[in-house]
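Q: Below is a structure I'd like to ask you about.
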Amino acid sequence: MTRSRTALLLSFLEPADHLDEAELACVVSDMCINDGDPLTHNEAIIAYDILERLYPGAEHAIRRRLAEQFAVRDDIPHSLLVLLANDQIEIARPVIMLSPRLNDDDLIKIIVERTHEHRLAVSVREDVSSKVCDVLVYLGDEDVILNLVRNQGTRFSDHAFKRVVTISRTTAPLHQPLLLRPEMRAEMAALMYQWVGQALKQFIAQNYGEALSARLDAEISQASHSALHEESVRQTHAPSSIPSGFGGLMVALRNGDMKAAETEMQHLTRLPVAAVHRILYHDNGEALAVVCRAVGADRCLFSEVVTRLQARPPYSTFISSKEYAVAMAAFKRLSQRQAEFVLSHWREKPTSVWGNPGHVNEAWNLRHKDGERF
């Protein structure tokens with residue numbers, strides 16, 4: 001039986017016109033997850049090699065079944081797990097959350113190159129290293145950070161934990177779980193006393209009373225001051241002058257000239273045209289927020305750019321939509337330094353630019369209607 005199955009698997013390695021790749025992937029995946037008649041070590045090597053070759057063309061249901069079955073196993077080839085973890089989130093989620101085979105470098109690559117939902121999945125792993133935690137905190141997604149704080153398997157570096165304490169100034173859901181973390185120190189609890197509710201003030205007074213009158217940690221105090229100043233400027237400052245190199249893009253968008261907008265975006269980002277298309281036409285606003293933050297555009301300019309790309313006049317309906325709120329939230333949670341970090345990575349690997357080819361916006365329709373320009 002084993003010899004016959006081995007021969008069958010070896011035959012699958014040979015190219016054959018009569019073999020349907022989807023059916024073959026289904027047959028081999030069934031062999032891999034059949035615990036009643038498990039593959040031998042050598043058979044498993046052949047089977048996994050076949051699955052990796054067939055993976056790009058495998059059906060969604062097969063890939064999802066493999067992810068669910070392989071997520072908690074430690075005998076799956078690392079390369080196959082990486083393929084699963086970088087797939088669509090419905091497939092990738094169990095592997096990202098549960099696989100012990102994914103290392104820190106794998107997870108950081110997923111965090112930077114994949115979607116917000118992928119980052120959420122990383123944040124609830126049973127063990128989140130300080131290296132991975134640092135990157136997640138640096139990117140600043142509030143719901144991801146809340147998961148990290150609630151996750152008892154998260155290992156915070158001192159710097160990352162101080163940063164989260166500072167973020168909690170404007171993020172109330174962080175207050176209680178932060179104060180219960182083992183990393184919480186008296187001087188940081190005393191700092192949080194300034195902005196938590198009455199019940200938590202009493203908790204801090206009971207547990208860190210001696211620190212309330214002590215000198216606050218200089219580094220975190222300065223970080224808090226800087227964060228508050230930046231938020232104040234962002235909320236009250238009138239529209240600033242257009243950043244260098246951004247004016248051409250604004251002129252092109254206001255004129256409805258998407259060909260010129262593509263050229264200006266290429267100059268602005270130093271990204272190839274395929275990556276620029278993702279940002280301009282296939283993005284929900286998150287990639288555009290990265291670009292605008294990185295080059296120093298303010299909230300008003302970003303609002304105009306995302307609105308002109310996503311909608312047509314009159315713009316009032318779009319500005320009151322969920323899509324607009326999502327885009328503005330993405331812009332708000334990024335600092336310029338964070339955005340520069342992501343854009344720099346995109347320049348090294350343009351295929352990692354955020355975007356979904358299945359999503360198109362009003363600018364895409366404009367681009368294809370304008371036959372003379374395109």
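The values are calculated or read from the model by the stated rules, or taken from the named source; none is laboratory data. Predicted model, so just to flag it, every value in this text is computed and none were measured. No Cβ is skipped: glycine too gets one built from the backbone with ideal geometry, and neighbour counts run over all protein chains shown. Protein only, heavy atoms only, side chains kept; ligands, DNA and RNA dropped before computing areas. Shrake-Rupley method; radii C 1.70, N 1.55, O 1.52, S 1.80 Å.
Q: Taking amide H positions as placed in the peptide plane 1.01 Å from N, state which residues far from V128 in sequence (5 or more) or on other chains have amide H under 5 Å from it.
A: Amide H neighbours of V128: T154, R155.
Q: Taking only protein heavy atoms and a 1.4 Å probe, what accessible area per residue, in Å², does the stretch 95-160 have with all protein chains in place?
A: Result: 40 Å² of accessible area for each residue.
Q: Which value, in Å³ per residue, describes the convex hull spanned by the Cα atoms of the stretch 263-313?
A: It comes to 74 Å³ per residue, whole-number rounded.
Q: Averaging sequence separations of C-alpha pairs under 8 Å and six or more residues apart, then dividing by the length of the stretch 133-195, give the relative contact order as a whole percent.
A: 33 percent.
Q: Express in Å², to the nearest 10, the accessible area of C32 obtained by rolling a 1.4 Å probe over the protein heavy atoms while all chains stay in place.
A: 10 Å²
Q: At what distance in angstrom do the alpha carbon centres of the stretch 128-160 and the stretch 35-66 lie from each other?
A: 34 Å
Q: Now a separate question. Beta carbons within 10 angstrom, averaged per residue: use that to sort the peptides 151-162, 272-283, highest first.
A: Order by mean packing, descending: 272-283, 151-162.
Q: Let me ask something else about it. Let me know the charge dipole size of the stretch 49-165 about its Cα centre in debye, to the nearest 20, where only the beta-carbon of Lys, Arg (+1) and Asp, Glu (-1) is charged.
A: In total the dipole reaches around 140 debye.
Q: What is the sum of charges around A289, taking Lys and Arg as +1, Asp and Glu as -1, for the other residues whose C-beta is under 11 Å from the C-beta of A289?
A: Neighbour charge sum, excluding A289 itself: +2.
Q: What are the ³J(HN,Hα) couplings of the stretch 180-189, residue after residue, when phi is run through the Karplus curve with 6.51, -1.76, 1.60 and θ = phi - 60°? Round to Hz, x for glycine and proline.
A: Listing the rounded values in order: 8, 5, x, 6, 5, 10, 4, 5, 6, 4 Hz.
Q: Please give the contour-minus-distance gain from D105 to Q176: 0.36 nm per residue of separation, less the Cα-Cα distance, rounded to one decimal in nm.
A: Gain on extension, D105 to Q176, equals 22.4 nm.
Q: Positive end of the dipole of the stretch 255-374, charges at C-beta (+1 Lys, Arg; -1 Asp, Glu), about the Cα centre: which of H359, T317, A327 has its Cα farthest in that direction?
A: Working it through, the farthest residue towards the positive pole turns out to be A327.
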